[in-house]
Structure formats: C-alpha cells, structure tokens
C-alpha cells in the first residue's frame, strides 16, 4: 500500500511538472515562408534552448484587420507580433499594442530610429537602385536616382514599383532634393514628384507588383535599372550569380517591428523573447539565412567584414539611406492613390 501511495505521489508531481512546462509557451505571429524559417533558426530555437519556453508559430500576410479583430473581440492567441511599420503606426493610433517594458528589453545598441514606446525594430529592408552589370564597361556605374533618370548615359528601359510610396521619394531625390530634406515639414512635395516622374515614365517598361519581378526583368535583360528590394538584389547578385548589382546610396529603408498586442497574456515572457531576439549574434544568424539588415549596431562585429559591408544597415551604408516616413503615408496614402492610378493611365 505504501508503494502504491508513493507511486501515486510521484505521478501527481510529474503531472503537475508537465502541466507547468506546457504553460511556458508563447506564440509569435509573423510572416511565412523562408522568412519564418529564418526566424525559427535565428530566434525561436535559441530562445527555447535558453529558457525552456516553447515558441509556437502563427503566420499571416500582414493583415491589419486580423490583428484588430482579435484585439477587439478579446480573443488574442499571440504574445508577440512581427508587424510592418504602416500597420504599427495605425495600431498605435487605435490602441492595439502594449507599451514595451524597456527595463527588460535592452536597446542600448539598437538603431535609435527603430525604437518607440510600443515597438522595436527587428530588421530593416530597403528599396534600392539595382542595375545591369552591362554598365561595368563604362567609366562609372549608376549610383543615384539622378543616374536612374539619365537615359543618355545609361540607355535602356527601367522598372519601378507600382505604388506612389517609395516612388515620390525617389523622384524628389532624382530632382536633387537632399535626403535630409525629403520630408521637410513632415510632408512630401508631390507636385514636384509628379513632374519628375513625368520625365522617366516613357522609359518605365514595367510597374512591378511582386518583389521578384524586377529581379527577373534585370536578369533577363528586359530592363537595365530597377527600384527593387535590396535583399532580393543582394541575393541575386551574391548567391544566385545574376548579372546585376546594387547601390545602397539613396536607398529607402522601412522596418519590421516586434510588438505586443493589447491584452496579450504572459507579457513578461513576450518582453524576454523580444530582448533575446535583439542580441547581435542572433540578428547575424537571421541575416545569413535571409539577407535583411540587422537593427543592432553591434551585429557587424559578428559578420565577416567583406559580407557586412554589403548589408544595408552597415553603418557606412545606412547613413546613405532615408527612412520611409510611415506617419506621412498613413495619413495621406488613401487620398494620393487615386491620383496616382489616374496618372499611370495617362
């Protein structure tokens, strides 16, 4: 009888221990595909090994409505969300996110521009100038949006994103506006941008709608220059050996952020996960799998110098960037888009 009671006690203790372990889990809502695989390898698995806390994955396509609906119905299955900047700004305005606990999250080495009360940047992507390596035979290669507009020196068709966002900034830089003055007064000179875009419009063969499209157009020789996502240009050049190159000069940077949904459970665990993911060596591991720039300035201490100098957030490259003003686009995109679409049809 004593043995049976002893065994019963052990079973109860083990069961309670197992239950407690099961409770130690967080769910991260993020984007799928190779992006999610990179996060799993760089962030989720190391956090699990360090803490014993399981990281469960949930995927979405960045839909703001999905986040909003969950929070408004108080049915919040996630602890942490990877959110794009425009959705983040909208969510902050509508009270969808918790303030982050910076007594847990160490941002000492994080780029200041990607830190706010409600979120901290996890990676930075860029829209950059890519060009054909056929221009290598010239004395100088394209290095600015002014060069993109120079169809005499660099003849051939171009491609740009089918979106006023990014293109207005590009047009103003091509027209000679310094990057520090693009958003003077927290606005954009869209009349000047449209006038400049009028000049290049006859040379735009394709207004692209998917990230791989401009890469393929460049690789196939259908266009000689492109405004395209820097990570894809870099991968095509360095990993796929495509005949193209890029410059980080006058690139436009935007940010993916970690945020905690309003009313989420286990907020302290969420803060610990975010803090863990910001460590420089982990951001390096992510960048090696998916070549987006880290937000931790010390990450470059862990990357071979020849590779580090190619990434967008390498200090010498990042100082050539402009950060997309998402507050401006949040307020103005809806009223601009109709005019943009009409302009495309002219």
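Scanning the stretch 90-109 for residues that are at pLDDT 95 or above and in contact with a strand residue (DSSP E or B) (Cβ under 6 Å, 6 or more places away or on another chain) yields 97, 107, 109. Test residue 145 against the criterion of being surrounded by 20 or more Cβ atoms within 10 Å (Cβ to Cβ), under 30 Å from residue 334 (Cβ atoms) and either without any contact (Cβ under 8 Å) to a residue 60 or more places away in the chain or touching a strand residue (DSSP E or B) at 6+ places or on another chain (Cβ under 7 Å) (or both), and give yes or no. Spelling it out, residue 145 is indeed surrounded by 20 or more Cβ atoms within 10 Å (Cβ to Cβ), under 30 Å from residue 334 (Cβ atoms) and either without any contact (Cβ under 8 Å) to a residue 60 or more places away in the chain or touching a strand residue (DSSP E or B) at 6+ places or on another chain (Cβ under 7 Å) (or both).
Can you find a residue in the stretch 302-318 that is part of a strand (DSSP E or B) and touching a helix residue (DSSP H, G or I) at 6+ places or on another chain (Cβ under 8 Å)? Can you show your working first?
We begin by selecting, within the stretch 302-318, every residue part of a strand (DSSP E or B); these are none.
Checked against the condition, which is being part of a strand (DSSP E or B) and touching a helix residue (DSSP H, G or I) at 6+ places or on another chain (Cβ under 8 Å), the stretch 302-318 yields no hits at all.
Report whether or not residue 42 is modelled with pLDDT of 95 or more and either in the same structural domain as residue 82 (by TED's automatic domain parsing) or within 26 Å of the chain's Cα centre (by Cα) (or both). Taking the combined requirement at face value, the residue satisfies it. Of all the criteria given as (1) in contact with a strand residue (DSSP E or B) (Cβ under 7 Å, 6 or more places away or on another chain); (2) at pLDDT 90 or above; (3) not assigned by TED's automatic domain parsing to the domain that holds residue 94, the one not satisfied by residue 234 is (2).
Give the stretch 57-73 a look and list any residue that's surrounded by fewer than 18 Cβ atoms within 10 Å (Cβ to Cβ), over 18 Å from the mean Cα position of the chain (by Cα) and part of a helix (DSSP H, G or I), or say none. Of everything in the stretch 57-73, those that are surrounded by fewer than 18 Cβ atoms within 10 Å (Cβ to Cβ), over 18 Å from the mean Cα position of the chain (by Cα) and part of a helix (DSSP H, G or I) turn out to be 65, 66, 68, 69, 72. For residues in the stretch 74-89 being outside any strand (DSSP E or B) and touching a strand residue (DSSP E or B) at 6+ places or on another chain (Cβ under 8 Å), which is modelled with the lowest pLDDT? Result: 85.
Does residue 140 satisfy the condition of being free of Cβ contacts under 8 Å to residues at least 24 places away in the same chain and either buried (at least 16 other Cβ atoms within 10 Å of the Cβ) or over 26 Å from residue 336 (Cβ atoms) (or both)? Spell out the reasoning first.
Details: free of Cβ contacts under 8 Å to residues at least 24 places away in the same chain: yes; either buried (at least 16 other Cβ atoms within 10 Å of the Cβ) or over 26 Å from residue 336 (Cβ atoms) (or both): yes.
So residue 140 passes the test.
Take the residues in the stretch 237-288 that are at positive phi and in the same structural domain as residue 302 (by TED's automatic domain parsing); name whichever of them is surrounded by the most Cβ atoms within 10 Å (Cβ to Cβ). Break it down stepwise before answering.
Looking only at the stretch 237-288, we keep the residues that are at positive phi, and these are 241, 250, 263, 266.
Next, only the ones that are in the same structural domain as residue 302 (by TED's automatic domain parsing) stay: 263, 266.
On the way: 263: 14, 266: 18.
Looking at the filtered set, the residue picked out is 266.
The values are calculated or read from the model by the stated rules, or taken from the named source; none is laboratory data. All values derive from a computational prediction rather than experimental measurement. Cβ: placed from backbone, ideal geometry, glycine included. Neighbour counts: every protein chain shown.
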